[in-house]
Amino acid sequence: MPEKLLCSVLIISLIVLNGCGEFGHDKPTKPASSGSVTVMTRNVYVGADVDLNNFEPTEMLNTFLETDFGARAKALAAEIAASEPHFVGLQEVALFRFQVPADPSSP
């Protein structure tokens, strides 16, 4: 629970800081036309079938690594920057953590 709270506070802080003055802007932002809001949605496919019924960790990890998420993320960021939407919605977002050596007490 503390991690979720910390993450929420961080996200809210970044949103607030982004709206303060010219922090992080190379050019003045253009005002939205009266009453219009631009929304972009994208599906961020994890890069592997993570169906728990067919769970093969090594195969899933290899497939995930082969899809080169780093390159896909850069392309997505460029698309968002070029479109300049007011809001971005991302579906199928996942967080992967790797720990070496593995912790046998974790679930």
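The values are calculated or read from the model by the stated rules, or taken from the named source; none is laboratory data. All values derive from a computational prediction rather than experimental measurement. Every residue, glycine as well, gets a Cβ built from its backbone with ideal geometry; the counts of neighbours run over all protein chains shown.
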For Arg42, indicate whether it is modelled with pLDDT under 90, within 17 Å of Gln91 (Cβ to Cβ) and under 19 Å from the mean Cα position of the chain (by Cα). no
Pair list, Cβ under 7 Å, 6 or more apart: segment 72-98 residue closer than 20 Å to Val37 by Cα and modelled with pLDDT under 95, other residue not aliphatic (A, V, I, L, M) and not in a strand (DSSP E or B): Pro85/Thr38; His86/Thr38
